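Remarks on the structure that follows.
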Amino acid sequence: MSLGACAGETRTVMPHPELTPGARANLELARVQQIALHDYGVLNPDEFAGVAPDPGRRLVYVGTRAGTLLALSMETGEVVWEQQFPGAISSVPKLAADGELMLLGTDNGDLLAIELDTRKTRWSYSTLGTIRNEPLVRGGTVFVVNSRDQVFALELTTGAWRWQYEQPYPTEFTVHGHAGLSFLEAEVTQAPDQAASASGISAEAVLGEGGAAEDEEAETSGDAPAEGDDAAVAGSGAPSGAAPATGAAPAGGAAARATGAAPASGAAAPAAGAPAGKSGEAAGNGSTGGPSSPPSGTIFTGFSNGKVAAIGAQSGEPMWLANVAPPAGGDFVDADGTPLILTDRGELVVTGQSTGVYGLALSDGLQRWYRPLRGAGSVAAGPRGLMIVASALEGVFALEHGGRVRWRQQLNPGFVQTPLIVGDIAFIAHSDDGLLAYDVETGEFLANLNTGSGISGPPVYDGELGRFYTMSNRGMLVVFRTVEDDARGFVRGAVESVPSVR
C-alpha cells in the first residue's frame, strides 16, 4: 500500500509491521506471576481490569474476570488477602484520598466501597449496566458511569444517591467500551445567545477545507499520513450536511435527573437513613460528621449515541450537549473516549468512533477544530502540548493543537487502550501485541513487551516506585521498570527488544 506524502515522495506502509526489531527503550521485567486461572474454554480471553498501587500499605490491588479481588505484596507478589464478588471485575480500583476506602466497579453493575483496614464492604450501589471505568471522587462525592449511559453521584461515606443523569440507550450496534468521567473545578457558563447556537460536527472531513493549510502539514520521516491527513478541519471548515453540535441544554425530553428527584428506573430512591443499593454494614459506618454537599464544578462524559455532555456536578443538570455521531446515524456512533480537558485553551477534546477527534469549547460545546480518524479512543495529554490517541483501525497518532498530525504509526488490528504517557514515552496496551512504547516527540517505536496473550486492560504507572503494572489476557500480572537518565527520562541505545514473557 503506497501513500503520497506531503513532499511528493512515495512511501510504503506495511499493514502488519514487525514490532520487535529496533526497540530501544530499556525496560526491565521485575516480576511476572499468574493471578487468574487459565480459561481454556475461551479462545481469545480478555482481562480488562487494571492495577491500583497502594504505596502506603505496600500493596497492589487487582481484580479478575472470575470476580476475585486480590491484594498483593509490592515486593514479593505474595497474596496478602483476597475476596470473591459476584460478577467479573473489569475495572480499575480507586482509592479515596483518605486512604480508607477502595471503590470498585463490577460487571454486575455494582459499585462497592471497601474498607481497606477491615476489608468489609461498607456499602454497595447497584445499577443496570456494567461498571468498568474508574470512579471519580471529589470531596465527599463519588461519580460513576455505567454501560447503560447512566451517570451517578453518590455520597462517598454512605453510598446515598444524590443525582443521576442519563442519555437514551441506542438499539443499534455499539462499540465495546464507554467513556469515563472528567471533572472541571469551575462551572461552565453560557451567554443567552449561546443556548440557541449550533456548530457543525462533521461526519467526513473535506481535505483542504479550513484548518491547517495542506502545505503546512509536516510528518516525521518514515511515518505515513493517515487517509485524510492533509489538513485538519477546524470550526467553520466543516462540510455542509454535518450533524449539529448544540450548545444548548437539552430540551425537556432529555433524560436528566437532578438532586431531590427520584432516581431513574432501576435505581431505587434511597430509603430514609440508608444508602440506595446498600448491603451489609449500616449506613455511614466508619464515617465522621454529616453528609457533605456535592462539589461545584462540571462533569464531562460521552455516550453510546454519540452525545457529549457537560453536567453540573452539584445539580446533575446538563449545561450543554454536543453530538459527534455521523449525520446519518447508524451503528458504532459511540463517543467512547473519556474527554480530555485543556484548561489553558478552554477546550474539551473528545472522540467519535465513526468520525474523529474534536476540540470543543469548554463553555458551550461548540466545535473549534476536527481531525477525521476512525475508531479513535481516548486522547491523552503529552508534553509540549502534544496529544496522543490510538485507533484500532488507523494506528497511533500524535496531534498538535488544532488537530494537525505530528506523526503516525501503524498498528496491527486489535483492541487498543488509552495511551499512558510517562515522561517522553507513550505506552499503549494492545490486545494481541502486548505493550508498545513510542517516543512522544518523534513517533519512534521504542519497545514491545510481548506478554504472549496481549493486554486489554490499562497499564498503570506508580511514580513513587517507578514501576509499571499491567495484566495480560491470560491472567498474568506483569511488573516492569524503566531505566532513567537525567537527560530524557528513559535510556536510549539498548539494541535488544524487551524479552517475551510467554
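With respect to (1) part of a loop (DSSP other than H, G, I, E, B); (2) touching a strand residue (DSSP E or B) at 6+ places or on another chain (Cβ under 8 Å), the lone exception for I311 is condition (1). Condition first: in a loop (DSSP other than H, G, I, E, B) and at negative phi. Now tell me which residues in the range 139-159 satisfy that. G140, N146, S147, R148, L156, T157, T158, listed by residue number. Selection of the range 113-132 for residues being surrounded by fewer than 24 Cβ atoms within 10 Å (Cβ to Cβ) and outside any strand (DSSP E or B) yields L116, D117, T118, R119, K120, L128, G129, T130.
When we screen L72, L37, L27, L95 for residues that are open to solvent by less than 40 Å² (accessible area, probe 1.4 Å), at pLDDT 65 or above, over 27 Å from E444 (Cβ atoms) and not aromatic (F, W, Y), the only hit is L72.
Determine whether R162 is at pLDDT below 95 and crowded, with 24+ Cβ neighbours inside 10 Å.
No, not satisfied.
Counting only residues that are within 18 Å of the chain's Cα centre (by Cα) and either of a type in the set (D, E, K, R) or surrounded by fewer than 19 Cβ atoms within 10 Å (Cβ to Cβ) (or both), the range 344-354 holds 1 of them. Are any residues in the range 432-456 assigned to a loop (DSSP other than H, G, I, E, B), in contact with a Phe, Trp or Tyr (Cβ under 6 Å, 6 or more places away or on another chain) and at pLDDT 90 or above, and if so, which ones? Hit for the range 432-456 is G443, nothing else. Quick check: anything in the range 407-416 touching a residue at least 60 places away in the same chain (Cβ under 8 Å), touching a Ser or Thr at 6+ places or on another chain (Cβ under 7 Å) and not in a loop (DSSP other than H, G, I, E, B)? The answer is yes; a qualifying residue exists. Could you tell me whether the range 431-449 includes any residue that is touching a Pro at 6+ places or on another chain (Cβ under 8 Å), hydrophobic (A, V, I, L, M, F, W, C), buried (at least 23 other Cβ atoms within 10 Å of the Cβ) and touching a residue at least 60 places away in the same chain (Cβ under 8 Å)? No, the conditions are met nowhere in the range 431-449.
Does the range 75-88 contain any residue that is part of a loop (DSSP other than H, G, I, E, B), surrounded by 14 or more Cβ atoms within 10 Å (Cβ to Cβ), on the phi > 0 side of the Ramachandran plot and modelled with pLDDT under 90? Spell out the reasoning first.
From the range 75-88, those part of a loop (DSSP other than H, G, I, E, B) are 75-78, 85-88; that's our starting set.
Narrowing the set further to residues that are surrounded by 14 or more Cβ atoms within 10 Å (Cβ to Cβ) leaves 77, 85, 87-88.
Adding the requirement that they be on the phi > 0 side of the Ramachandran plot leaves 77, 87.
Next, from what is left, pick out any that are modelled with pLDDT under 90: 87.
Within the range 75-88 (the criterion being part of a loop (DSSP other than H, G, I, E, B), surrounded by 14 or more Cβ atoms within 10 Å (Cβ to Cβ), on the phi > 0 side of the Ramachandran plot and modelled with pLDDT under 90), the answer is yes, since at least one residue qualifies.
Looking at this structure, is R406 on the phi > 0 side of the Ramachandran plot and among the basic types (K, R)? Spelling it out, it is not the case that R406 is on the phi > 0 side of the Ramachandran plot and among the basic types (K, R).
Table: residues versus (1) within 25 Å of A153 (Cα to Cα); (2) open to solvent by 10 Å² or more (accessible area, probe 1.4 Å); (3) out of contact with any strand residue (DSSP E or B) (no Cβ under 7 Å at 6 or more places or on another chain).
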site	(1), (2), (3)
G297	yes, no, no
N305	yes, yes, yes
G316	yes, no, no
D331	no, yes, yes
D336	yes, yes, no
L362	yes, yes, no
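Test V357 against the criterion of being crowded, with 20+ Cβ neighbours inside 10 Å and either modelled with pLDDT under 95 or touching a Phe, Trp or Tyr at 6+ places or on another chain (Cβ under 6 Å) (or both), and give yes or no. Here the answer is no, as V357 does not meet what is asked.
For the range 370-387, the candidate set comprises residues that are at pLDDT below 95 and assigned to a strand (DSSP E or B); within that set, the residue that is least open to solvent (accessible area, probe 1.4 Å) is A376.
The values are calculated or read from the model by the stated rules, or taken from the named source; none is laboratory data. What you are looking at is a predicted structure, and each value in this text was computed from that prediction instead of being measured. Cβ sites come from the backbone with ideal geometry, for glycine too, and all protein chains shown count toward neighbours. For accessibility, only protein heavy atoms count, side chains too; no ligands or nucleic acids. Shrake-Rupley method; radii C 1.70, N 1.55, O 1.52, S 1.80 Å.
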